Amino acid sequence: MYKRDVLDDNILNLNEYIEKLKENEIGVDFVPAPSLQEKSENIEIAYVTYDSREIVENSLFICKGNNFKVEYLEQAKAKGAVAYLADKDYGVDLPLIKVDNLRRSIAVCVSTYFSNPEKKLNFIGVTGTKGKSTTVSLIFEMLKAQAEAEGKVKPGLISSLGNFDGVNHFDSNLTTPEPMEMFYLLYRAVQNTVKNMVIEVSSQALKYDRVYGMHFEIGVFTNIAPDHISDVEHPNFEDYLQSKLKLLERSDIAVLNESSDYLDEQREAARNAQEIFEIATELNEKTKSNASDFEVYIRDIELEQIGMDFTAILKNSNREFRLNTKLEGIFNLENIAQALVVAELMNVDESSIKKGLALVQMRDRTIDVKRENDNDNVIFHIDAAHNGISFEAVFDHIKHKYPEYKRVAVFGTVGNKAENRREGMALACNGRVDEVYITRDDNDFESLDNIFDEIVIHLDPDLPVTRIDERTEAIQSSFNNAMKLWENKGIKSCIILLGKGSENYMKINGVKLPYEGDEFYARKAIENYK
């Protein structure tokens, strides 16, 4: 349960929750329960929840979810709920707070229960199609390194990679949690005297008001491309884009990426921000001659066996220094540059920047696996990329790092959602890879035939394509063929395994089945080759 501390006695009555909703311009209609003799608005609320299993005496129960059933409300009443909040009257004999914006009302009520922790913290929010997790990790580690050096409280973190309340680490189930978990984490952070929270903000969280009431001191927008478009996510790209832009509308300072698409829309969304900063790298040819126009400019890039060396020019503090990262992928330079802007704004010193940067490796998402003693003639590159814009970035990185290698892409895609990814993935392959294997990746209830057809239709007709349904077999087959190509023709290959990263399951027919991970099966393929 997400409960306040026992010693926290800030217990409000039902009417005070109603007033909080009205303060947030939510339409409220209070419907008393006929059977109650006392004035029901004065009932004290000891707990707020939308999970009927967590009801305690004097709870306010919130009716939410597409699969909500009246039985849940009846169960809540039997367990001690004294009122309920919903956008319709369910006919249960309890006082009803009927609202015209249920999702926003959930955030307001949960925040109220936890004594409005969002008003006591500084927020750095990061959104975008790709690079959110990496950028959040970079910012968090740099701020944490500075806090440790100064003996101050560490920052908090909410991310798909995990959550941190200043003392305790928690696993993450969603990129941005549902309101109950979200505001509980913020409440714990306040209790732990945290000042700064770094948050990875998803488009769903922005669209459905999970972060309603949170104002961001700094909002970082990494990039944008079509993704998460389906009947159960965003109906179209415009909805996805507008959801993402809400972060900039709520930010005092906006940090943008000069190479991102829809940059004008981002600037417009951030028009009320106090300042707008932009970053650039020398990889974008048009910025080479005007580096002074950008808050952070990355140049003199050298790829290492693992990671990169580069020079960062920081205009705000008039600093220029050489940095090293263990992150793979030249696309990560944009994530680093935006993290450096935040570090500048938060007055992080060079030593803490370097220490924080060194701690972020994202090995669970990107790794190279090679045979021993064969001069790296066939290499596996494993990456968690799962949409078109991420595919493009990975392929461009492989082209820079292994320019003489044949590039072989092995991937599938999730079933039953984000169907638009299939076109993006295929188009990213065209002109960037030399061969494609299409295989399984969390197809869930959707047939592999349908997924295969929707990818292949967008591939160039002359691009060689092989379908192998079982992912382990596709990995083994791609390696066997690449080794034969080297042995017979002296052609080196980089086999790019995409989508799964370090995930240890495969979702099929609603069940998460054990899967050892792409790295395990890449190494197995190497061992099995005769």
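The values are calculated or read from the model by the stated rules, or taken from the named source; none is laboratory data. What you are looking at is a predicted structure, and each value in this text was computed from that prediction instead of being measured. When we count neighbours, we look across all protein chains shown, and the Cβ atoms used for this are built from the backbone with ideal geometry, even at glycine. Heads up: the accessible areas ignore ligands, DNA and RNA and are worked out on the full protein's heavy atoms, side chains in. Shrake-Rupley method; radii C 1.70, N 1.55, O 1.52, S 1.80 Å.
Among the criteria (1) under 22 Å from Phe216 (Cβ atoms); (2) among the hydrophobic types (A, V, I, L, M, F, W, C); (3) open to solvent by less than 10 Å² (accessible area, probe 1.4 Å), the one Met308 does not fulfil is (1).
Figure legend. Inter-residue proximity from segment 471-497: first residues under 20 Å from Gly517 (Cβ atoms), second residues part of a helix (DSSP H, G or I) and among the hydroxyl-bearing types (Ser, Thr, Tyr), beta-carbon distance below 9 Å, spacing 6+ or different chains. Indicated pairs: Arg471/Tyr521; Thr472/Tyr521; Ile475/Tyr521; Gln476/Tyr521; Ile495/Ser478; Leu497/Ser478; Leu497/Tyr521.
Selection within segment 212-252: residues that are open to solvent by 10 Å² or more (accessible area, probe 1.4 Å), at pLDDT 90 or above and part of a strand (DSSP E or B). The member of this set that is nearest to Lys119 (Cα to Cα) is Glu217. Those helices (runs of 4 or more DSSP H) of segment 89-204 in which at least 2 residues are open to solvent by 10 Å² or more (accessible area, probe 1.4 Å) and closer than 28 Å to Val348 by Cα, considering only elements entirely within it, cover 132-150, 179-191. Against the numbered list (1) in contact with a Leu (Cβ under 8 Å, 6 or more places away or on another chain); (2) under 26 Å from Pro403 (Cβ atoms); (3) not β-branched (Val, Ile, Thr), Gly501 comes up short only at (1). For first residues located in segment 282-302 and closer than 16 Å to Ser260 by Cβ and open to solvent by 50 Å² or more (accessible area, probe 1.4 Å), partners that are at pLDDT below 85 and not small (Gly, Ala, Ser) and lie 6+ apart or on another chain with Cβ distances below 8 Å form the pairs Leu283/Ile330; Asp293/Thr287. Residue-level check: of (1) on the phi > 0 side of the Ramachandran plot; (2) out of contact with any Ser or Thr (no Cβ under 8 Å at 6 or more places or on another chain), Gly128 misses just (2). Look at (1) open to solvent by 30 Å² or more (accessible area, probe 1.4 Å); (2) closer than 26 Å to Val369 by Cα; (3) touching a strand residue (DSSP E or B) at 6+ places or on another chain (Cβ under 7 Å) and you find that Gly431 fails only one, number (3). With respect to the conditions (1) farther than 12 Å from Phe380 by Cα; (2) buried (at least 17 other Cβ atoms within 10 Å of the Cβ), Asp518 lacks only one, and its number is (1).
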